[in-house]
There are 2 protein chains.
Amino acid sequence: MNAEKIPNIIITRLPVYLRALQRMADNGLKTTSSQEMGDRVGISAAQIRKDISQFGEFGKQGTGYSIDYLIDKLREILKVDRMWDVIIVGAGDMGHALARYQGFANRGFNVVMIFDNDKNKIGQKIGDFTIEDTANLVERVKAADIKIAMLTLPASVAQGITDKLVEAGVRAILNYAPISLSVPENVKVQHIDPATHLQRMTYYL
Amino acid sequence: MNAEKIPNIIITRLPVYLRALQRMADNGLKTTSSQEMGDRVGISAAQIRKDISQFGEFGKQGTGYSIDYLIDKLREILKVDRMWDVIIVGAGDMGHALARYQGFANRGFNVVMIFDNDKNKIGQKIGDFTIEDTANLVERVKAADIKIAMLTLPASVAQGITDKLVEAGVRAILNYAPISLSVPENVKVQHIDPATHLQRMTYYL
DNA sequence: GCGATTTTGTACAATTAGGCACAAATCTGG
DNA sequence: CCAGATTTGTGCCTAATTGTACAAAATCGC
């Protein structure tokens with residue numbers, strides 16, 4: 001693997017390639033080309049070749065890429081060739097939906113705990129999970145060595161909980177709260193806000 | 001307003017600025033600076049000034065920006081100075097969560113219909129909505145002149161429904177299905193896939 | 001076996017995006 | 001009213017990203 005620093009913009013595309021490849025594998029396909037991948041994900045073939053070649057020479061001229069092999073390599077690069085324990089903070093509708101979502105398991109993630117600060121919710125069950133008190137968040141996260149959290153809270157409390165997560169050692173936060181979170185440089189945040197995403201399209205209507 | 005084409009990357013940042021400004025306004029603030037906005041959203045002040053200046057001279061030297069005025073301008077630019085009717089296709093957990101979400105109203109969106117193809121779900125209520133049959137999707141969307149849809153379906157049926165939405169005149173799709181959708185050039189898609197977003201962070205762990 | 005075809009990886013060119021720095025305008029506090 | 005501080009909008013430069021094109025390798029059809 002090339003030891004130079006890989007631009008983040010390339011890293012953001014790799015999971016999209018991986019998802020498309022896993023779908024091809026599910027359909028029984030064995031090989032693909034940068035052209036076919038590009039058609040599927042809406043990215044130029046040259047871009048895909050260049051992105052992949054940052055990490056090694058995984059393709060074969062005339063043939064393309066072995067789907068299974070490329071999946072293995074991408075999973076390794078993205079560090080999802082293992083299972084990551086993930087917590088959910090916020091047991092509202094979105095927290096419930098994520099807790100029940102079946103799509104994490106085969107993509108490297110395993111939800112292990114759910115927290116809320118609402119006394120009426122604490123102790124209730126969501127599937128196999130019992131909603132825990134955010135008062136115990138730092139202690140529980142530290143003890144279980146959790147590195148990834150999904151935040152499904154109102155904006156008003158999101159930054160406060162984020163600070164606790166950082167204190168507890170969390171290094172990656174998927175934020176569903178409609179607010180920009182402030183974190184130290186060694187912590188990554190991804191934002192999911194449906195209204196923001198919709199507003200990125202209305203400009204073009 | 002500058003008549004030249006505005007890069008998409010700038011458009012993607014505007015909703016983040018708008019969200020931060022609305023939050024400031026809710027907190028009773030009247031003016032802000034590119035510096036303060038930048039601190040809040042994690043973007044350089046120069047970048048914010050340059051982005052905003054693409055659309056006009058909305059700031060005042062020495063003072064900064066009037067929050068209310070800038071909100072009005074951004075809403076106008078993003079075309080969310082009006083209400084957009086939006087439909088949800090897929091009445092699973094995610095569809096339910098979006099249907100009940102209270103955060104759309106003050107950001108320009110109004111959910112008006114929910115569809116599913118599951119005979120057991122059709123006719124059921126989610127709040128004030130009755131789940132409708134996707135068999136009537138094209139007809140209903142055309143009649144109501146809907147331009148925006150949120151897709152909360154399994155990957156296996158997402159492309160088929162997308163084709164129907166496009167046929168019905170939908171021009172913006174917020175896709176929660178874990179698959180890249182193929183659409184004509186005049187239709188916009190934004191993807192929300194929690195596993196993909198998480199995989200964009202594990203690389204750095 | 002061999003010419004035609006496919007496809008990768010990459011060098012080079014072109015384009016796009018971002019950072020810096022400063023003149024000009026405005027405000028603030030005597 | 002004035003000196004010092006603040007803050008915008010932008011010209012210029014650098015960095016980052018994407019596109020083009022092609023040699024080299026591999027396959028395919030006969």
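The values are calculated or read from the model by the stated rules, or taken from the named source; none is laboratory data. Keep in mind that what you see is a predicted model, and the values were worked out from it rather than measured. Cβ: placed from backbone, ideal geometry, glycine included. Neighbour counts: every protein chain shown. In case anyone asks, the SASA skips ligands and DNA or RNA and just uses the protein heavy atoms, side chains included. Shrake-Rupley method; radii C 1.70, N 1.55, O 1.52, S 1.80 Å.
For segment B:40-79, the candidate set comprises residues that are within 11 Å of DNA strand D (Cβ to nearest atom) and among the acidic types (D, E); within that set, the residue that is nearest to A:Y204 (Cα to Cα) is B:D51.
Just to be sure before I move on: is A:L70 part of a loop (DSSP other than H, G, I, E, B) and more than 18 Å from the chain's Cα centre (by Cα) in the structure I sent?
So A:L70 fails the test.
When segment A:7-19 is examined, which residues are found to be among the aliphatic types (A, V, I, L, M) and within 13 Å of DNA strand C (Cβ to nearest atom)? Result: A:I9, A:I10.
Scanning segment A:20-41 for residues that are assigned to a loop (DSSP other than H, G, I, E, B) and either within 7 Å of DNA strand C (Cβ to nearest atom) or open to solvent by less than 70 Å² (accessible area, probe 1.4 Å) (or both) returns A:G28, A:L29, A:S33. Where the second residue is of a type in the set (K, R) and part of a strand (DSSP E or B) and the first is more than 18 Å from A:D193 (Cα to Cα) and lies in segment B:152-177, which pairs have Cβ atoms under 9 Å and are six or more apart or on separate chains? Sorted first by the residue in segment B:152-177, then by its partner, the pairs are B:R171/B:K188. If you go through segment A:1-16 and pick out every residue that is away from DNA strand D (no atom under 13 Å from the Cβ) and closer than 20 Å to B:H191 by Cβ, you end up with 1. When B:I179 is tested against (1) open to solvent by 10 Å² or more (accessible area, probe 1.4 Å); (2) of a type in the set (A, V, I, L, M, F, W, C); (3) part of a strand (DSSP E or B), only condition (3) is not met.
Inspection of segment B:135-142 finds no residue satisfying the criterion of being facing chain A (nearest Cβ under 9 Å) and either open to solvent by less than 40 Å² (accessible area, probe 1.4 Å) or not hydroxyl-bearing (S, T, Y) (or both). Scanning segment A:48-80 for residues that are more than 14 Å from chain B (Cβ to nearest Cβ) and within 10 Å of DNA strand C (Cβ to nearest atom) yields a count of 15.
Evaluation of B:N106 against the conditions (1) open to solvent by 20 Å² or more (accessible area, probe 1.4 Å); (2) within 16 Å of DNA strand D (Cβ to nearest atom) shows that the sole unmet condition is (2).
Applying the set (1) more than 13 Å from B:S180 (Cα to Cα); (2) among the small types (G, A, S); (3) assigned to a helix (DSSP H, G or I) to B:G169 leaves exactly one unmet item: (3).
Just one of the numbered conditions (1) of a type in the set (S, T, N, Q); (2) open to solvent by 20 Å² or more (accessible area, probe 1.4 Å); (3) under 19 Å from B:M94 (Cβ atoms) is not true of B:N186: (3).
The conditions are (1) within 14 Å of the chain's Cα centre (by Cα); (2) surrounded by fewer than 13 Cβ atoms within 10 Å (Cβ to Cβ), and B:V86 fails exactly one of them. Which is it? Every listed condition holds for B:V86 apart from (2). The numbered conditions (1) open to solvent by 60 Å² or more (accessible area, probe 1.4 Å); (2) in contact (Cβ under 8 Å) with a residue 40 or more places away in the chain; (3) more than 21 Å from A:Y176 (Cα to Cα) are all true for A:I77 except (1). Taking residues in segment B:26-38 that are more than 14 Å from every other protein chain (Cβ to nearest Cβ) and within 13 Å of DNA strand D (Cβ to nearest atom), and partners anywhere that are open to solvent by 60 Å² or more (accessible area, probe 1.4 Å) and part of a helix (DSSP H, G or I), the pairs with Cβ atoms closer than 8 Å and at least 6 places apart or on different chains are B:K30/B:D68; B:S34/B:R49. Inside segment B:83-106, residues that are at the interface with another protein chain (Cβ under 9 Å from one of its Cβ atoms) and either among the charged types (D, E, K, R) or within 16 Å of DNA strand C (Cβ to nearest atom) (or both) make up a count of 2.
Among the conditions (1) part of a helix (DSSP H, G or I); (2) surrounded by fewer than 22 Cβ atoms within 10 Å (Cβ to Cβ), the only one that A:I122 does not satisfy is (1). Do you know which of the residues in segment A:157-176 that are within 10 Å of chain B (Cβ to nearest Cβ) and farther than 20 Å from A:K79 by Cα is least open to solvent (accessible area, probe 1.4 Å)? This residue is A:N175.
If you go through segment A:77-94 one residue at a time, do you hit one that is in a helix (DSSP H, G or I), modelled with pLDDT of 95 or more, within 18 Å of B:M94 (Cβ to Cβ) and touching a helix residue (DSSP H, G or I) at 6+ places or on another chain (Cβ under 6 Å)?
Among the residues of segment A:77-94, at least one is in a helix (DSSP H, G or I), modelled with pLDDT of 95 or more, within 18 Å of B:M94 (Cβ to Cβ) and touching a helix residue (DSSP H, G or I) at 6+ places or on another chain (Cβ under 6 Å), which makes the answer yes.
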